[in-house]
Amino acid sequence: MTFRAKLFRYPGAGGWTFAKVPARHAPPATHAWGRTPVLATVDGVSWATSVWRDKQHGTLLAVPKKIRGTKGDGDVVQVELRPRG
């Protein structure tokens with residue numbers, strides 16, 4: 001599943017930067033706390049991680065600085081998610 005997403009910084013001190021996963025692309029929760037292990041690719045850079053559910057924002061993918069580079073809040077990225085065992 002591939003989609004474009006706008007990055008947003010979660011409010012608060014030390015807030016992480018996320019890409020919201022559209023509902024039609026959100027994998028079902030398979031682990032505690034609504035987590036699902038995935039192989040994520042953002043703008044061509046891949047890593048093993050998990051997406052999780054947030055009551056306010058839906059399914060989220062945390063995108064670390066080392067992955068997103070100079071992109072941040074409000075920038076658009078290309079995202080691919082693949083299930084991971």
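The values are calculated or read from the model by the stated rules, or taken from the named source; none is laboratory data. As the structure is a computational prediction, the values presented were derived from the model and not from experiment. For neighbour counting, all protein chains shown are included, and Cβ atoms are generated from backbone atoms with ideal geometry for every residue, glycine included.
Just a few scattered comments:
- Of all residues in the range 11-54, those that are at positive phi and either in a loop (DSSP other than H, G, I, E, B) or without any contact (Cβ under 8 Å) to a residue 12 or more places away in the chain (or both) total 4.
- Residue 66 fulfils the conditions (1) in a strand (DSSP E or B); (2) of a type in the set (D, E, K, R); (3) free of Cβ contacts under 8 Å to residues at least 60 places away in the same chain except for a single criterion, (1).
- Looking across the range 23-66 at every residue that is of a type in the set (A, V, I, L, M) and over 11 Å from the mean Cα position of the chain (by Cα), the one that is nearest to residue 6 (Cα to Cα) is identified as 23.
- Of the residues in the range 1-9, not one is at pLDDT 95 or above, polar (S, T, N, Q) and in a strand (DSSP E or B).
- Evaluation of residue 79 against the conditions (1) touching a Leu at 6+ places or on another chain (Cβ under 7 Å); (2) not in a strand (DSSP E or B) shows that the sole unmet condition is (2).
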